[in-house]
Amino acid sequence: MNAPAKFGKVAVLLGGTSAEREISIMSGSGILKALHSKGIDAHAFDPAERDLFDLKRDGFARCFVALHGRGGEDGTLQGALEVLGVPYTGSGVLGSAVGMDKWRSKMIWIASGLPTPRYRILSAGDDWDEVARDLGLPLIVKPANEGSTLGLSKVTAAVQLQAAYELAAKKYHDLALAEQFIAGPEYTASIVGGAALPLIRIEAPQGNYDYQNKYFSDDTKYICPCGLDAPKEKALQALALEAFRLTGGAGWGRVDLMLDAKGDPWLLEVNTSPGMTGHSLVPMAARAVGISYEDLCVRILEGAHVG
């Protein structure tokens, strides 16, 4: 059996119904083109437009999950694929669910002695002045279960907390998390097949790595090699791998972290279905070690599993 044929008919799951639908379509389109270039029988499959049971009816042998956010990255899709018995890429049900939940990821890291910024869950009746005193200013407010920095606000005064809370909790129908602000450089560790790729340092305009600067701006700088000395980079890669393992991550993903003024690391979040667009970080890290976008997609697809 030749290499492309061994995968059978492949569904690239893209689109979906989350707030990250636009980015998912961009990711999935790139993956689809890459798999086609390798001779793989791959087809776009949008769960917002088709019944998942069509995967079995139409003879799909495995799925490449390119869905981001709720309904695709939070364990619900993974559970459905488990029931259908269709192998899929990335983390399983538990790893996907925990990785999507910033609150529970933090609780696991804290219980395991891993560093992550101090936080608290917000509610409408909170004393905003007390929140600001507790965590210090500036601070970050974000939904607990959204990706791509959607609904995230940097708060520099207590009077801004109400609006930040409403954006995170009401617009995105979610728990809102307030988090200690770490003033330092941001790094991301891409993980493929149980190994951490070279770190990437992110420098966004005005230090604001928001949705626009993440996916559409050409002003955001991505530095790889990241500029850290080898022992420091290796230590951060090990930390990212442990953070990923503890949250149940598998296959491939990304762990975001920051360094404070003393050079100490702070874990921010796990991504179990990272972006695969032209601005995305996993393909960028792979290129740094000579892995093309096309070969990266094949490697990820090779890791498709059930359970």
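The values are calculated or read from the model by the stated rules, or taken from the named source; none is laboratory data. Model, not experiment: these values are computed from the prediction. Backbone-built Cβ (ideal geometry, glycine too); neighbour counts: all protein chains shown.
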Given the criteria over 23 Å from GLY92 (Cβ atoms), acidic (Asp, Glu) and more than 13 Å from the chain's Cα centre (by Cα), does GLU242 qualify? no
Log entry, pairs with first residue in the stretch 179-198 being closer than 18 Å to GLU302 by Cα, second being at pLDDT 95 or above and among the charged types (D, E, K, R), beta carbons closer than 6 Å, six or more apart or on different chains, reads SER190/ARG254
Taking the stretch 58-88 and keeping only residues that are among the hydroxyl-bearing types (Ser, Thr, Tyr) and crowded, with 24+ Cβ neighbours inside 10 Å, one is left with TYR88
Tell me yes or no: at least one residue of the stretch 17-34 is modelled with pLDDT of 95 or more, assigned to a loop (DSSP other than H, G, I, E, B), farther than 23 Å from LEU177 by Cβ and not aliphatic (A, V, I, L, M). no
